[in-house]
Amino acid sequence: MTRRRWRTLAAGVIFAAAATLIGVWAAGDDAAGVQARRHTAVLLNLRLPAVPPLAALSETLQRPLFSPARRPLPGPASAAALSASPASALVAVAIGPGRSAAILKLAAGGTAVLMQGDRIEGWTLAAVSSHSVTLQSADRSAELTLPNHE
């Protein structure tokens, strides 16, 4: 016989033995089979813990994900200028060739993604740098900085 036939024969014998053992295990009432099936049943009956309501996670949601310290976002730097500004904090900036964007936390709640030059509630995203943005209205200007970069 050639090597190839020996390998094919050996693979067939191993396959037949494995199939026989699986059949015996599945049909048998031996202690090991019953124990294995009992553990499987226990695993299928596991219950997950109750999910807490979203309101209980409010402190977790206030901590910025990409901040190394994971501290809550600081209050506005200039309360007078930002009181009229639609944004209360800077969440992230993205600077690319010819395009820049910022994600702002809005004072009314929620977030907004603005490209440089976009307007929101009468304010324009005038400038975007690596750690801050400048919002301008007709007569006011407000600068927001990223947390931990003040």
Those residues of segment 70-122 which are at pLDDT below 85 and of a type in the set (Ser, Thr, Tyr) amount to Ser78, Ser83, Ser85, Ser88
Could you list, in sequence order, the residues of segment 119-148 that are in contact with a Phe, Trp or Tyr (Cβ under 7 Å, 6 or more places away or on another chain) and either in a strand (DSSP E or B) or not assigned by TED's automatic domain parsing to the domain that holds Ser85 (or both)? Leu135, Gln136
Residues of segment 103-118 being among the hydrophobic types (A, V, I, L, M, F, W, C) and either touching a residue at least 40 places away in the same chain (Cβ under 8 Å) or not in a strand (DSSP E or B) (or both), in sequence order, are Leu104, Ala107, Ala108
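The values are calculated or read from the model by the stated rules, or taken from the named source; none is laboratory data. Remember, predicted model here, so these are calculated numbers, not experimental data. Ideal geometry is used to build each Cβ from the backbone, glycine not excepted, and the neighbour counts take in all protein chains shown.
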